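**Q** Starting off with a structure, shown below.
The values are calculated or read from the model by the stated rules, or taken from the named source; none is laboratory data. Predicted, not measured: the structure shown is a model, and the values here were computed from it. Here Cβ is always computed from backbone atoms with ideal geometry, including for glycine, and neighbour counts include all displayed protein chains. The area values use the complete protein model at the heavy-atom level, side chains included, leaving out ligands, DNA and RNA. Shrake-Rupley method; radii C 1.70, N 1.55, O 1.52, S 1.80 Å.
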Amino acid sequence: MPESTQVRLSIEGMRCAGCVSKVEAALASAPGVQQANVNLVDRTASVQGEAGLDEASLISAVQAAGYDASPVQGSENVDQSRHEEATHFKSLMLRFMVAGLVSLPLILDMFLHLLPELSEAPRVWLLVGGVTLATMVYAGRHFYVGAWRAFSHHSATMDTLIATGTGAAWLYSMLICLAPEIVPEMARHAYFDAALIIIALINLGQALEVRARGKTSEAIRRLIGLQASTARVVRDGQEIDVPLAEVAAGDVVRVRPGEKIPVDGEVLEGESTVDESMLTGEPMPVHKARGGSVVGGTINASGSFLYRATHVGADSVLAHIIEMVKNAQASKPRIGRIVDKVAGVFVPTVLILAVVTALIWLNFGPEPRISFALVAAMTVLIIACPCALGLATPISLVVGVGKAAEFGILIRKGEALERASKLSTVVLDKTGTVTEGRPVVTDIHGDNPDAILRLAAAVEAGSEHPLAAAIVARAADMPEGMKVPACQDFDSHAGQGVSGRVEGQAVLLGNAAFMADRGVPVEEGVLEQAGKLAEQAKTPMLLASDGRISGIIAVADPVKEDSKAAIARMQALGLKVVMLTGDNRQTAEAVATQVGITDFYADVMPQDKDAKVAELQAAGEVVGMVGDGINDAPALSRADVGFAIGAGTDVAIESADITLMRSSLDGVVTAIEISKATLRNIKQNLFGAFIYNTLGIPVAAGLLYPLMGLMLNPILAGAAMAASSVTVVSNANRLRLFSPSGQGSGGGTQ
Amino acid sequence: MTMYLVNLSGLLLIGFIIWWFWLYRPKRGVVADPGQVIEVRVKDGVYDPALIEATAGKGISLRFIREDETACAGQVIFPGLGIQKELPLGRPVVLRIVPDKPGDYDFQCQMGMYRGTLRVN
């Protein structure tokens, strides 16, 4: 059987099943195709064909049918990009070594004078010039071709500078070999060594940069690497391993202990705990049972289960995360836009500066003027490094956004990261942000707590109030044999409580006003107890059976374990922390006191939250709003930075600039710390690159010569230029070592 | 006399640099019919073609093929249209663009060294 290949394409523009057949027909008619299957759900095409199936011709075929296609980004692309990177690195290193080796005798000649003087043996030097040219063509071909192509398109790049600098050195040197009489005797010096060493060093610099750049995109590679390669799918009653690409929504998948969960889905049978830390940053494994959702890329810990695939391919949570991280990495914060303007005019400006430098030396310099002019102009061309300037922002952003993703923090755009670093106030929505967002029974007072809970659960079973849910849930935890009885004549009294008949008793559950209304006497002690509970941000409910108070049951939304510490970290960063809640003042105050917040607003209706944010902004604050992204979408959009907390794996929260997959305020602080660290890193890079260029160019032009008699060697300029972009990338790589404050030794001190 | 000529040549060279790199505006680029796919090669530091003309309100597809190993060529950005796309080496990437308003929309690499223009008429 001949070898066959499979190509996966992502198809754009399909709307209906009719489109599927059109695309399939188009693909099937492309040369070498044996079979083409199009999946409308994940908008991909899987094409089977002869070995060497041409992806480009498949894409053209799809386009001819009126749709767009591009290669699917997946793990195979990671391997490919790694391979390309390694090949590029090797070829640059080879060029460096060849140019370096050929220049070695010339370097030795500088000290040992092995070669005869140029005036004595011009032919020897012509030969040296020939060897130099051959080496330049081999090791620096990409600079010359690039420079020429850019020139012919009225564009100038870094290649232009390198090619002009080294080209001028070689041309001048050949000229004095061929016609030495045209320049004064003392200016008869060849610069073949400089041309070669500069090319060697710049190749080395680029090779090191390729290596360092590879490390910067580690985060995205890690995410892509989370994808499983196969899935065990149940088909015709049999469990078979199929490639991930062949899993469709609706398939039933088996996962065994320790295995990676291949695609997103919903558990049908069995239960287990799943480690989701690689996606959400949540260290505790999550329990999954029938009906629970699982996410592709996470790891099943102990049990085995069957689940139905719901989202595959580009629709999966992991694909969304990867897409979001990539988009943010590619976006540009404002700070980078100014640099773009500079970078756009940089190279022609340096060319002009080189001409001006040469003219100044030719007019006012000491003899041999032509040598000084050439060396100075060449050094100006070589030392200028637009790369360092242009790389400064994007490279740090790639590392910073990637680092955030490691902590389960998804940043939508570079600008959000920039603004997050400048926040002065953080507004926290209380419910679900500072607190768990799920009320629980905290206290039961009375002679027989179990009986109180039993009756309370019985009357609340019919209620839809969140407080009722807490009581029913608590009753469900009661030991076996204490089943909750049925309730007859259930009635709900808005704002007061509920009533019903349980096991023949008339039961009331509600506040003191409700009891008074129903003529149930409430003792002073009970009222006092209820008051105390209310002071602790709890909601006390009195239980009366047959006209007598039998106890108090209190429900509260507990503060998250780590809220207090996270708020302290925010305050330590110098941020003003404000809490908003729809609860009454007493509850708000109790929660605020527990977590160390002094600024809070109670009785804020959901629709008024964004007005509160706007009010703070009008007072000059740069506001970050933290909420669940659902009830407070307008406030999140209004804020300078909207943080959606506890998104879990529902990552596509549109209203938020920053989405935290974990439901912990710690993530907000970590996001702010990463933003600050990234911005600091960008500024260091920009400062370094600006200083390097603004100091380097005048020194190269010979500014120090009249003052100190110092002239920069073009070879040193080449080394400095090669080092400058490597330094920028290496500095950005330092961000990879970031660790949040209070967690590990790094202390976020990037 | 020699210095006079040298200085004059230097000044002419500066004038040439300014004209060639900054002032020069190509008169016509590749004209894209609505719905047409234009192939843009990214090679040796340039986009080829670097000037593409399109009609306002009509969609065109640009198919970028990166043949340039330099890391700088790894992305194409249309700042005016808010488009940013990764260009994997040797793998075509298609961008469908529907420009609403007439005008010049530049596209560039991450560092703004590779430059091209989408002219919307």
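**Q** For chain A, what % of the accessible area comes from carbon and sulfur atoms, probe 1.4 Å? All intermediate terms of the calculation are to be shown ahead of the outcome.
**A** Values: 18300 of 32190 Å².
In chain A, the share of accessible area belonging to carbon and sulfur is 57 percent.
**Q** May I ask for the accessible area buried between chains B and A, both sides summed, probe 1.4 Å, to the nearest 100 Å²?
**A** 4300 Å²
**Q** About its Cα centre, what dipole magnitude does chain A give when the only charges are +1 on Lys and Arg Cβ and -1 on Asp and Glu Cβ, stated in debye to the nearest 20?
**A** In debye, rounded to 20, chain A gives about 2440.
**Q** Take every residue in peptide B:64-72, count the Cβ atoms of other chains within 10 Å of its Cβ, and give the average of those counts.
**A** Neighbouring Cβ atoms belonging to other protein chains average 5 per residue here.
**Q** Under the classification rounded if a/c is under 1.5, otherwise prolate if a/b is larger than b/c and oblate if not, where does the range A:247-326 fall, given a ≥ b ≥ c as square roots of the Cα gyration tensor eigenvalues? Don't jump to the answer; show the numbers that get you there.
**A** Numbers: a/c = 2.12, a/b = 1.18, b/c = 1.79.
Note, shape of the range A:247-326 comes out oblate.
**Q** Continuing with this model, one more query. Quick one: if the Förster radius is 56 Å, what FRET efficiency do B:PHE16 and A:ASP608 give, using the C-beta to C-beta distance and rounding to 0.05?
**A** 0.30
**Q** With every protein chain left in place, what is the accessible area per residue of chain B in square angstrom, probe 1.4 Å?
**A** The answer is 48 Å² per residue.
**Q** Would you list the membrane-span-like helices of chain A, meaning whole DSSP H runs whose alpha-carbon atoms span at least 27 Å along their axis and whose mean Kyte-Doolittle value is at least 0.5?
**A** Qualifying helices, which must be both long enough and hydrophobic enough, are A:122-152, A:158-178, A:192-216, A:334-364, A:386-406, A:666-701, A:714-734.
**Q** Let me ask something additional. Take the solvent-accessible surface of the protein heavy atoms, probe 1.4 Å, and return the percent of it on the range B:10-92 that carbon and sulfur atoms account for.
**A** C and S atoms contribute 56 percent here.
**Q** Can you give the mean number of other chain Cβ atoms that lie within 10 Å of the Cβ atoms in peptide A:359-371?
**A** Values: counts 8, 1, 0, 5, 4, 0, 0, 0, 0, 0, 2, 1, 0.
Mean shielding by partner chains, rounded to a whole number: 2.
**Q** Residues of the range B:99-121 losing 30 Å² or more of accessible surface, assembly versus chain alone, probe 1.4 Å, please list them.
**A** Buried-area filter returns B:GLN110, B:MET111, B:MET113, B:ARG115.
**Q** Now, a different point. Amide H of A:GLY437: which non-local residues (sequence gap of 5 or more, or other chain) have their own amide H closer than 5 Å, using H built in the peptide plane?
**A** A:GLY432
**Q** Which far-off residues, 5 or more places away or on another chain, put their amide H under 5 Å from the one on A:SER663, with H placed in the peptide plane?
**A** Answer set, sorted by chain and number: A:GLY646.
**Q** Report the label-to-label distance for A:ASP477 and A:ARG222 in nanometres (one decimal), using points 7 Å from each Cα along the Cα→Cβ vector.
**A** Result for the modelled spin labels: 3.5 nm.
**Q** Might you tell me the accessible area per residue for the range A:578-699, computed with a 1.4 Å probe and given in Å²?
**A** Computed with neighbouring chains in place, this is 38 Å² per residue.
**Q** Can you list the trypsin sites (Lys or Arg not before Pro) in the range A:414-500 that are in a DSSP coil and have 16 or fewer other beta carbons within 10 angstrom? Working shown, then result.
**A** Details: sites: A:ARG419, A:LYS422, A:LYS430, A:ARG454, A:ARG474, A:LYS483; in loops: A:LYS422, A:LYS483.
Answer by residue number: A:LYS422, A:LYS483.
**Q** As a test of the formula, what do you get for chain A when each DSSP H run with n ≥ 4 contributes -39,500 (n - 2.57) and the sum is divided by the residue count, at 222 nm and rounded to the nearest 500 deg cm²/dmol? Working shown, then result.
**A** Numbers: 24 runs with 377 residues, N = 750.
Helix-only estimate at 222 nm: -16500 deg cm²/dmol.
**Q** Then there's this: Using only Cα atoms, tell me the angle between helix B:2-17 and the longest principal axis of chain B; keep it within 0 to 90° and round to the nearest 10.
**A** The angle comes out near 10 degrees.
**Q** Return one whole number: the accessible area per residue of the range A:448-489 in Å², for a 1.4 Å probe.
**A** Working: 2390 Å² over 42 residues.
I get 57 Å² per residue for the range A:448-489.
**Q** Taking amide hydrogens as modeled 1.01 Å from N in the peptide plane, which residues meet the under 5 Å criterion relative to B:ARG115, leaving out close sequence neighbours?
**A** B:TYR47
**Q** Another question about this same structure. Which parts of the range A:532-570 would a label at A:ASP489 reach, counting a residue when its backbone N lies under 12 Å from a point 7 Å out along Cα-to-Cβ?
**A** Residues passing the 12 Å test: A:546-547.
**Q** Using a Förster radius of 45 Å, what is the FRET efficiency between B:LEU8 and A:GLU12 based on their Cβ-Cβ separation? Nearest 0.05, please. Mind dumping the intermediate values first?
**A** On the way: r = 57 Å, r/R0 = 1.27.
My answer for the efficiency is 0.20.
**Q** Additional query: So which GluC sites (Glu not before Pro) in the range A:427-516 are both in a DSSP loop and have at most 10 other Cβ atoms within 10 Å of their Cβ?
**A** Of the GluC sites (Glu not before Pro), the ones in loops of the range A:427-516 whose Cβ has at most 10 other Cβ atoms within 10 Å are A:GLU464, A:GLU480.
**Q** Full-extension gain between A:GLU406 and A:ALA506, please, as 0.36 nm times their residue separation minus the C-alpha to C-alpha distance.
**A** 30.4 nm is the gain from fully extending A:GLU406 to A:ALA506.
**Q** Could you give the nm distance between label points at A:LYS422 and A:MET708, where each point is 7 Å from its Cα heading toward the beta carbon?
**A** Roughly 3.8 nm, to one decimal.
**Q** OK, next. By how many nm would the segment from A:LEU115 to A:ALA51 lengthen if fully extended, with 0.36 nm per residue of separation less the alpha-carbon distance?
**A** 17.4 nm
**Q** Work out the length of the dipole vector of the range A:286-398 about its Cα centre, built from +1 on the beta-carbon of each Lys and Arg and -1 on the beta-carbon of each Asp and Glu, and round it to the nearest 20 debye.
**A** 480 debye
**Q** Run the numbers on the range B:1-23: which residues show a drop of 40 Å² or more in accessible area, chain on its own versus all protein chains together, using a 1.4 Å probe over heavy atoms?
**A** B:MET3, B:ASN7, B:ILE14, B:ILE17, B:TRP20, B:PHE21, B:TRP22
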